[in-house]
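*Asks:* Okay, here's the structure, questions in a sec.
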Amino acid sequence: MKLNKNWHIANKMPKNPTVDERIVWHLEHQKNCGCRDIPEKLKLEMKKRGL
């Protein structure tokens, strides 16, 4: 899947997001847009949490 510009416009990453906010945003991003993968550091944190 390529960039879904409309999704990005409607779903901005919060300023200074918490880890929880980043996880939620990236999971939704993965469902709606394929412009990039979840960062490795965040993937590790998600794995620790069993997500």
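*Asks:* Which angle from 0 to 90°, rounded to the nearest 10, does the C-alpha axis of helix 19-32 make with the longest principal axis of the chain?
*Replies:* Roughly 40 degrees between the two axes.
*Asks:* Over the Cα atoms of the chain, Rg to Rh with Kirkwood Rh, two decimal places?
*Replies:* For the chain, the value is 0.97.
*Asks:* Once you mark the trypsin sites (Lys or Arg not before Pro) that are in a DSSP loop and have at most 15 other Cβ atoms within 10 Å, what is the longest gap between them in the chain?
*Replies:* Values: sites that count: K2, K12, K15, R36, R49.
The longest such stretch corresponds to 16-35.
*Asks:* Please give me the summed charge of the neighbours of P14: other residues whose Cβ is under 13 Å from its Cβ, Lys and Arg +1, Asp and Glu -1.
*Replies:* 0
*Asks:* Another one. Taking the Cα centre of the chain as origin and charging only Cβ (+1 Lys, Arg; -1 Asp, Glu), how large is the dipole, in debye to the nearest 20?
*Replies:* With only Lys, Arg, Asp and Glu charged at Cβ, the dipole is about 100 debye.
*Asks:* Report, in listed order, any pair from K5/K47; K2/K43; K2/K48; K15/K43; K5/K48; K2/K47 with a Cα-Cα distance greater than 23 Å.
*Replies:* K5/K47; K2/K48; K5/K48; K2/K47
*Asks:* Calculated from DSSP H runs of 4 or more alone, at -39500 (n - 2.57) each and per residue, what is the 222 nm mean residue ellipticity of the chain, nearest 500?
*Replies:* Calculated at 222 nm, the ellipticity per residue is -16500 deg cm²/dmol.
*Asks:* Shifting gears a bit: Could you list M46, M13 so that the one with the fewest beta carbons within 10 Å of its beta carbon is first and the one with the most is last?
*Replies:* Fewest to most other Cβ atoms nearby, the residues stand as M13, M46.
*Asks:* Another question, then. So, counting K/R as plus one and D/E as minus one, what does the shell of residues with Cβ under 15 Å around C35 add up to? Walk me through the intermediate numbers first.
*Replies:* Values: positive: K2, K5, K12, K31, R36; negative: E28, D37.
Value of the local net charge: +3.
Bear in mind these aren't lab numbers, they're just calculated from the coordinates by the rules spelled out. Keep in mind that this is a model prediction, so the values were computed, not measured. Cβ: placed from backbone, ideal geometry, glycine included. Neighbour counts: every protein chain shown.
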